[in-house]
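K.L.:
Here it is, the structure in full.
The values are calculated or read from the model by the stated rules, or taken from the named source; none is laboratory data. Predicted model only: the values in this text are computed from it and were never measured. Methodologically, a virtual Cβ is constructed for each residue, glycine included, from the backbone with ideal geometry; neighbour enumeration extends over all protein chains shown. To get the accessible areas, we keep the full protein, side chains included, count just its heavy atoms, and leave off ligands, DNA and RNA. Shrake-Rupley method; radii C 1.70, N 1.55, O 1.52, S 1.80 Å.
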Amino acid sequence: MSNYSTNEFRSGLKVMLDGDPCSILDNELVKPGKGQAFNRVKLRNLNTGRVLDKTFKSGEQLEAADVMDTDMQYLYTDGDFWYFMEPESFEQHQADEKAVGDALPWLSEQDMVVVTLFNGAPLSVTPPNHVELEIVETDPGLRGDTAQGGSKPAKLVTGAVVKVPLFLDQGEIVRVDTRTGEYQGRVSAK
Amino acid sequence: MLKQWQPGASLATLRQRSRVLAQLRDFFQQRQVMEVDVPLLSRATVTDLNIDSIHTINPNPSANPRTSDPAYLQTSPEYFMKRLLASGSGDIYSLGKAFRSAESGHRHNPEFTMLEWYRCGWDEHQLMDEVVELVATLVPDIAVRRCSYGDLFIQHLEVDPHRIELVELQSMAVSASSEAWAHETRGNCLDLLFTVLIEPRLEEGLVLVYDYPSCQSALAQCAEDSQGRRISRRFEAFLNRVELANGYCELTDVAEQTARFAEDQRLRQQSGKAAIAADQHLLAAMQAGLPDSAGVAMGVDRLIMQLQGADSIDQVMPFSWDRC
């Protein structure tokens, strides 16, 4: 792989740091008037998700990380692995629980997701920002309660539990923001 | 890209900028300091290891062989101003542009506005007082702290920056950054530690730091402090933890100046940088006699950033480099 110098560091660039792939979030030039320039860089470790602050000498280089974000379709799980397919090539990838991680409560079969590949293997899975899922379990809806506030827990078909307004019923489809886990609205009754 | 035709600063900020420039000129006019508008383009430039000048190219060398000399955009008006001092100008100031290659970021722009002034017969402490007075005309209730460079290192890092061994300094720099600092020079390691570990912990308001290490003397006189440590008579001003100004009790000894230029050349060669000829006009002026003086340079864009509470230099300039 090629190397990147500090002056090429841009937000989104993927580099290797201490053996882990990292994504650069921010790169700030620091230069005392008479002194040597250096760069204060914010990176996200793509393995652990942790955000790091590092100071580099200007001109220092980091190896590029072989990291690629690829659109894939979620197929199924056998309990140990989750299977994804590239729609153009039909190539399949299996991801372990660590890679699927936070995306797990939002995965429903046939949905398109972004799979981040590191050296060709799934490193993480990012669901779409918004998903539409069916309520499979909740207290009976309170008819006519559309104006009041108030909410109740509802279990969705993927297993996620979100807070929904009191008037919603089992079998209805709701739209949820996967980044916050918040209910966005009713899509339609089944 | 299409939106970049607009200025980075709002019209309200541009109006404040215009007022600040007028206030600065008024400050010096009231004190009978003469404004000088020295050249921005010169055949000579600084030799500092860590300051890169922008230079021009000859568009048509065959037709204009005489103009094939390199010409440099000035990184500060210092050399021209010292030639005026040596000619008997008395107290002078310059409020104009300065240029530094490849310096671009939230606090840097390759072209920026610099205020630089010289006071004949003053030392650096008198000039620090005047820096406080100038900033106080713009920020009337500013909190001010003065502290020596050595005391700041002892306060925050518990080491004496003037006496610490180089290897110990390098290992501190490695912990603060990376292995790349294991063989760095004393000056560069000190800069890293100061900027990364001390600057963010400075007080709000105006902090004046004086008695810099002798290895960072640039064009300042060197001396011994009360504890017998070799220091340079240099100071820096920080406004809300942002480097704002750099001042010296000016070096007047031409032999010492010649030796420092030669040392710059050695360091440039060591780092694989192109050699730059020393400014012979400056040396000749110093040979003729540079009066005892103190001088300071201040970043005007950064001053306006602090007045505005802006976090990017782009927000206080008509057009920063990304818009040019």
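K.L.:
Does B:GLY96 satisfy being in contact (Cβ under 8 Å) with a residue 24 or more places away in the chain, open to solvent by 20 Å² or more (accessible area, probe 1.4 Å), more than 14 Å from chain A (Cβ to nearest Cβ) and in contact with a Cys (Cβ under 8 Å, 6 or more places away or on another chain)?
P.N.:
Details: in contact (Cβ under 8 Å) with a residue 24 or more places away in the chain: yes; open to solvent by 20 Å² or more (accessible area, probe 1.4 Å): yes; more than 14 Å from chain A (Cβ to nearest Cβ): yes; in contact with a Cys (Cβ under 8 Å, 6 or more places away or on another chain): no.
For B:GLY96, the condition - in contact (Cβ under 8 Å) with a residue 24 or more places away in the chain, open to solvent by 20 Å² or more (accessible area, probe 1.4 Å), more than 14 Å from chain A (Cβ to nearest Cβ) and in contact with a Cys (Cβ under 8 Å, 6 or more places away or on another chain) - is not met.
K.L.:
Additional query: Out of the strands (runs of 3 or more DSSP E) lying entirely within segment A:20-96, which hold 3 or more residues that are more than 14 Å from chain B (Cβ to nearest Cβ), at pLDDT 90 or above and farther than 30 Å from B:PRO213 by Cα?
P.N.:
Values: elements: A:20-30, A:38-45, A:51-57, A:61-63, A:67-77, A:82-85, A:92-95.
Qualifying strands (runs of 3 or more DSSP E): A:20-30, A:67-77, A:82-85, A:92-95.
K.L.:
Mind checking whether some residue in segment B:73-82 is of a type in the set (Gly, Ala, Ser), more than 13 Å from B:ASP301 (Cβ to Cβ), open to solvent by 10 Å² or more (accessible area, probe 1.4 Å) and within 14 Å of chain A (Cβ to nearest Cβ)? Outline the logic, then answer.
P.N.:
At the first step, the residues of segment B:73-82 found to be of a type in the set (Gly, Ala, Ser) are B:76.
Pick out the ones that are also more than 13 Å from B:ASP301 (Cβ to Cβ) and you get B:76.
Narrowing the set further to residues that are open to solvent by 10 Å² or more (accessible area, probe 1.4 Å) leaves B:76.
Still in the list and also within 14 Å of chain A (Cβ to nearest Cβ): B:76.
The answer is yes; a qualifying residue exists.
K.L.:
Failed condition for A:ARG143, given (1) open to solvent by less than 70 Å² (accessible area, probe 1.4 Å); (2) at pLDDT below 90, with all others met?
P.N.:
Of everything listed in (1) open to solvent by less than 70 Å² (accessible area, probe 1.4 Å); (2) at pLDDT below 90, A:ARG143 misses just condition (1).
K.L.:
Next question, about the same structure. Among the residues of segment A:51-67, is there at least one that is touching a helix residue (DSSP H, G or I) at 6+ places or on another chain (Cβ under 8 Å) and either open to solvent by 50 Å² or more (accessible area, probe 1.4 Å) or farther than 27 Å from B:ASP52 by Cβ (or both)? Working first, answer last.
P.N.:
Residues of segment A:51-67 that are touching a helix residue (DSSP H, G or I) at 6+ places or on another chain (Cβ under 8 Å), as a first pass: A:55-61.
Next cut, either open to solvent by 50 Å² or more (accessible area, probe 1.4 Å) or farther than 27 Å from B:ASP52 by Cβ (or both) only: A:61.
Yes, some residue in segment A:51-67 is touching a helix residue (DSSP H, G or I) at 6+ places or on another chain (Cβ under 8 Å) and either open to solvent by 50 Å² or more (accessible area, probe 1.4 Å) or farther than 27 Å from B:ASP52 by Cβ (or both).
K.L.:
Tell me, which residue of segment B:118-138 that is within 27 Å of B:SER312 (Cβ to Cβ) and of a type outside the set (Ser, Thr, Tyr) is surrounded by the fewest Cβ atoms within 10 Å (Cβ to Cβ)? Give the derivation first.
P.N.:
Filtering segment B:118-138 for residues within 27 Å of B:SER312 (Cβ to Cβ) gives B:131-132, B:134-138.
Next, from what is left, pick out any that are of a type outside the set (Ser, Thr, Tyr): B:131-132, B:134-136, B:138.
Details: B:VAL131: 21, B:VAL132: 15, B:LEU134: 21, B:VAL135: 22, B:ALA136: 13, B:LEU138: 17.
Out of the qualifying residues, it is B:ALA136.
K.L.:
Within the bounds of segment B:139-150, is there any residue that is open to solvent by 20 Å² or more (accessible area, probe 1.4 Å) and either within 14 Å of chain A (Cβ to nearest Cβ) or under 30 Å from A:LEU62 (Cβ atoms) (or both)?
P.N.:
Taking segment B:139-150 as the starting set, the residues that turn out to be open to solvent by 20 Å² or more (accessible area, probe 1.4 Å) are B:139-146.
Still in the running and either within 14 Å of chain A (Cβ to nearest Cβ) or under 30 Å from A:LEU62 (Cβ atoms) (or both): none.
Scanning segment B:139-150 turns up no residue that is open to solvent by 20 Å² or more (accessible area, probe 1.4 Å) and either within 14 Å of chain A (Cβ to nearest Cβ) or under 30 Å from A:LEU62 (Cβ atoms) (or both).
K.L.:
Is it the case that B:SER62 is assigned to a loop (DSSP other than H, G, I, E, B) and either open to solvent by 60 Å² or more (accessible area, probe 1.4 Å) or within 30 Å of B:GLN269 (Cα to Cα) (or both)? Don't jump to the end; show me each part of the working.
P.N.:
Details: assigned to a loop (DSSP other than H, G, I, E, B): yes; either open to solvent by 60 Å² or more (accessible area, probe 1.4 Å) or within 30 Å of B:GLN269 (Cα to Cα) (or both): yes.
Against the criterion (assigned to a loop (DSSP other than H, G, I, E, B) and either open to solvent by 60 Å² or more (accessible area, probe 1.4 Å) or within 30 Å of B:GLN269 (Cα to Cα) (or both)), B:SER62 qualifies.
K.L.:
Could you tell me how many of the residues in segment B:173-197 are crowded, with 19+ Cβ neighbours inside 10 Å and either away from chain A (no Cβ under 11 Å) or not in a helix (DSSP H, G or I) (or both)? Even if it seems obvious, please write down each step before you answer.
P.N.:
Filtering segment B:173-197 for residues crowded, with 19+ Cβ neighbours inside 10 Å gives B:173, B:177, B:181, B:184, B:187-195.
Subsequent filtering for residues that are either away from chain A (no Cβ under 11 Å) or not in a helix (DSSP H, G or I) (or both) retains B:177, B:184.
Selection size over segment B:173-197: 2.
K.L.:
For residues that are surrounded by 18 or more Cβ atoms within 10 Å (Cβ to Cβ) and assigned to a loop (DSSP other than H, G, I, E, B), scanning just segment B:198-225, find the one that is farthest from the other protein chains (Cβ to nearest Cβ).
P.N.:
B:GLN221
K.L.:
Next up: Just the residues that are open to solvent by less than 60 Å² (accessible area, probe 1.4 Å) and more than 13 Å from chain A (Cβ to nearest Cβ), please, taken from segment B:102-117. Talk me through it step by step, then tell me what you get.
P.N.:
Just the residues of segment B:102-117 that are open to solvent by less than 60 Å² (accessible area, probe 1.4 Å), to begin with: B:103-105, B:108-110, B:112-117.
B:THR113, B:LEU115, B:TRP117, listed by residue number.
K.L.:
Of a type in the set (A, V, I, L, M), out of contact with any helix residue (DSSP H, G or I) (no Cβ under 8 Å at 6 or more places or on another chain) and crowded, with 20+ Cβ neighbours inside 10 Å: does that describe B:VAL167? Working first, answer last.
P.N.:
Numbers: of a type in the set (A, V, I, L, M): yes; out of contact with any helix residue (DSSP H, G or I) (no Cβ under 8 Å at 6 or more places or on another chain): yes; crowded, with 20+ Cβ neighbours inside 10 Å: no.
No: the conditions fail for B:VAL167.
K.L.:
A further question on this structure: If you scan segment B:13-59, which residues turn out to be open to solvent by less than 50 Å² (accessible area, probe 1.4 Å) and within 30 Å of B:LYS273 (Cα to Cα)? Write out each step before concluding.
P.N.:
As a first pass, look at segment B:13-59 and keep what is open to solvent by less than 50 Å² (accessible area, probe 1.4 Å): B:13-14, B:16-17, B:20-21, B:24, B:27-28, B:33, B:36, B:38, B:42, B:44-51, B:53, B:58.
Listed by number, the residues that qualify are B:VAL38, B:SER42, B:ALA44, B:THR45, B:VAL46, B:THR47, B:ASP48, B:LEU49, B:ASN50, B:ILE51, B:SER53, B:ASN58.
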